[in-house]
Amino acid sequence: MTEHVFGFDEIFAGPPLMAVLRGMGLARSISVAETAWRLGIESVEVPLQTPEDEVVLRELVARAGERGKSIGAGTIIAAEQVDRALDAGASYLVSPGLDPALVRVAADRGVPLLPGVATPTDVQIAVAHGLR
């Protein structure tokens, strides 16, 4: 498998859409991811909430690598999840909220993080921590 390093500019260069495969199991996640890729949706995210989700993430990372696609790990709310996501091959992380400590951990690991922001204050804090 060829290793790809993606930034958000590359991930969202096409349609700015992301397929989120939450709790679908392995077979359905593979089917939905492959359909998303055929439809031109470049970005697929697997929320890490159960041990099975890590299995799904690993398998989709392998399939994505064959196609030059990226797979993200979502629902990242703690530093230990960053390491698990990266060990499974995630190219980027998605967090439901803005946690400056998590921003630092992701930056230290060299992985892009897309945090949830809902207010102008959230955006200002994100920018102050180097996100754009």
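Observations on the structure shown:
- Across the range 55-72, the number of residues qualifying as assigned to a helix (DSSP H, G or I) and either of a type in the set (Lys, Arg) or at pLDDT 95 or above (or both) comes to 10.
- Some residue of the range 97-111 being modelled with pLDDT of 95 or more, among the small types (Gly, Ala, Ser) and touching a Gly at 6+ places or on another chain (Cβ under 6 Å): yes
- Condition broken by residue 111, with the remaining ones in (1) within 16 Å of residue 49 (Cβ to Cβ); (2) among the β-branched types (Val, Ile, Thr); (3) not in a strand (DSSP E or B) satisfied: (1)
- Given (1) more than 29 Å from residue 118 (Cα to Cα); (2) at pLDDT below 95; (3) surrounded by 13 or more Cβ atoms within 10 Å (Cβ to Cβ); (4) touching a helix residue (DSSP H, G or I) at 6+ places or on another chain (Cβ under 9 Å), number of the condition residue 26 does not satisfy: (2)
- Residue match in the range 38-49 (condition: modelled with pLDDT of 90 or more, among the β-branched types (Val, Ile, Thr), assigned to a strand (DSSP E or B) and closer than 14 Å to residue 68 by Cβ): yes
- Matching entry among 99, 83 (being touching a helix residue (DSSP H, G or I) at 6+ places or on another chain (Cβ under 8 Å) and of a type in the set (D, E, K, R)): 83
- Qualifying residue in the range 75-84 (condition: buried (at least 16 other Cβ atoms within 10 Å of the Cβ), at pLDDT 95 or above and in contact with a Gly (Cβ under 7 Å, 6 or more places away or on another chain)): no
- Flag if residue 100 is surrounded by fewer than 20 Cβ atoms within 10 Å (Cβ to Cβ), under 17 Å from residue 21 (Cα atoms) and of a type outside the set (Gly, Ala, Ser): no
- Test: residue 67 is over 13 Å from the mean Cα position of the chain (by Cα) and not hydroxyl-bearing (Ser, Thr, Tyr): yes
- Subset of the range 73-96 (residues that are touching a residue at least 24 places away in the same chain (Cβ under 8 Å) and outside any helix (DSSP H, G or I)): 73, 74, 75, 76, 77, 78, 88, 89, 90, 91, 92, 94
The values are calculated or read from the model by the stated rules, or taken from the named source; none is laboratory data. Predicted, not measured: the structure shown is a model, and the values here were computed from it. Don't worry about glycine lacking a Cβ; one is built from the backbone with ideal geometry, like all the others, and counts go over all protein chains shown.
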